[in-house]
Ligand code: PMP
Ligand code: GLU
């Protein structure tokens with residue numbers, strides 16, 4: 001038979017999903033695996049959201065709906081975005097998607113032509129560059145510096161810009177670094193993007209999770225005229241602990257939403273109506289649940305950070321947002337473990353999983369060698385046990 005598409009040749013399967021599968025395999029063999037791998041909230045879905053899904057089934061929400069999503073949910077999104085982030089989008093300026101992943105993917109398809117470039121500040125979540133490549137778009141990686149808190153500034157952006165650049169993909173709060181942009185930092189980036197006529201795809205999926213004195217500001221609220229340039233992406237996987245329900249969304253100027261709707265109408269049609277109905281109820285009555293999860297994440301963050309600070313050879317900054325520690329393991333490179341030598345994040349993560357049964361994600365997949373990402377979306381008890389195992393593993397290195 002003839003070859004598969006050349007689009008697939010340079011694309012990696014999601015390393016995060018692969019680590020989750022490996023951890024699940026070990027668990028199936030009867031081992032007690034602690035997963036600090038995928039950022040998957042361990043909370044159960046709130047009772048009223050589950051009830052809403054049952055209600056949707058009983059009300060026969062079983063037919064197709066509009067490609068841009070269930071009208072009830074688009075109305076709630078419009079209210080929620082104004083209430084929570086002070087950004088004003090009409091229901092028609094929103095689109096509901098099968099997870100934030102699909103919102104990002106169809107945004108790229110709607111904005112970019114074959115051969116256009118997008119700028120991705122690194123370290124970055126693994127899927128942006130692969131999605132771009134699938135869509136025939138060139139991902140340009142713009143390095144950020146640890147000393148600057150992994151925040152991209154307008155000079156870094158200008159260095160990466162070319163006449164073919166269509167968009168900047170900004171993840172705020174950031175997975176994996178935990179960086180949270182201030183309003184001034186966002187405004188400065190936006191000014192540059194408006195001057196250059198490039199869009200900002202603002203992935204705000206961790207918007208509900210910021211800690212200490214940090215404050216989340218939506219890119220669309222950062223600057224006068226922001227809405228012309230911004231495609232705001234968010235979803236229910238993190239904030240409402242509903243990753244398997246596959247509901248995400250985007251808000252953007254009408255002509256962009258219309259273009260995304262056309263793409264969606266020919267691909268998935270729309271997300272599951274049952275999930276969308278339940279998501280509408282989540283927004284209408286979700287504040288208590290959000291407060292509870294935020295407090296618990298803050299507790300887990302403190303426990304993991306305190307434990308990390310006691311392990312020699314590991315470096316980290318306290319994440320201001322999201323639910324990951326991005327740990328510098330340079331101090332351990334060259335050391336010998338039972339299974340071989342630590343040469344970077346990949347070997348560290350493999351040996352930690354095989355010997356201590358703790359899963360984490362190597363920094364190489366985020367564009368930062370000699371790092372690993374630890375997620376604190378697992379339970380408090382698992383965090384305590386997993387950190388003990390990591391301390392023991394690091395202590396055993398020679
Ligand atoms: N953006 C970032 C930064 C993520 O970490 C993730 C992973 N959940 C997504 C988007 C995609 O989320 P969803 O489950 O809504 O597709
Ligand atoms: N986004 C989560 C993570 O970074 C879940 C896995 C994925 O969607 O890539 O762990």
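The values are calculated or read from the model by the stated rules, or taken from the named source; none is laboratory data. Since the model is a prediction, treat every value here as computed from it, not as a measurement. All Cβ positions, glycine included, derive from the backbone under ideal geometry; neighbour counts span all protein chains shown.
Odds and ends about this structure:
- Selected residue (criterion: nearest to the chain's Cα centre (by Cα)) from residues of region 1-50 that are without any contact (Cβ under 8 Å) to a residue 12 or more places away in the chain and under 30 Å from residue 273 (Cβ atoms): 13
- Odd one out for residue 168, checked against (1) under 30 Å from residue 17 (Cα atoms); (2) more than 16 Å from ligand 2 (Cβ to nearest atom); (3) in a helix (DSSP H, G or I): (3)
- Within region 147-165, the set of residues being in contact (Cβ under 8 Å) with a residue 40 or more places away in the chain and part of a helix (DSSP H, G or I) comprises 160 only.
- The selection criterion, being more than 16 Å from ligand 2 (Cβ to nearest atom), buried (at least 19 other Cβ atoms within 10 Å of the Cβ) and more than 27 Å from the chain's Cα centre (by Cα), does not hold for residue 390.
- Flag if residue 179 is modelled with pLDDT of 95 or more and within 16 Å of ligand 1 (Cβ to nearest atom): yes
- Only one of the numbered conditions (1) modelled with pLDDT under 95; (2) buried (at least 20 other Cβ atoms within 10 Å of the Cβ); (3) away from ligand 1 (no atom under 16 Å from the Cβ) is not met by residue 39, and that is (3).
- Taking region 15-128 as the region of interest, the helices (runs of 4 or more DSSP H) fully inside it that hold 3 or more residues being within 16 Å of ligand 2 (Cβ to nearest atom) are 15-28, 99-111.
Quick grid of which residues meet (1) more than 18 Å from residue 236 (Cα to Cα); (2) within 16 Å of ligand 1 (Cβ to nearest atom):
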residue: 79; (1), (2): no, no
residue: 82; (1), (2): no, no
residue: 88; (1), (2): yes, no
residue: 94; (1), (2): no, yes
residue: 105; (1), (2): no, yes
residue: 111; (1), (2): yes, no
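- Residue in region 376-397 that is free of Cβ contacts under 8 Å to residues at least 60 places away in the same chain, under 19 Å from residue 146 (Cα atoms) and more than 16 Å from ligand 1 (Cβ to nearest atom) present: no
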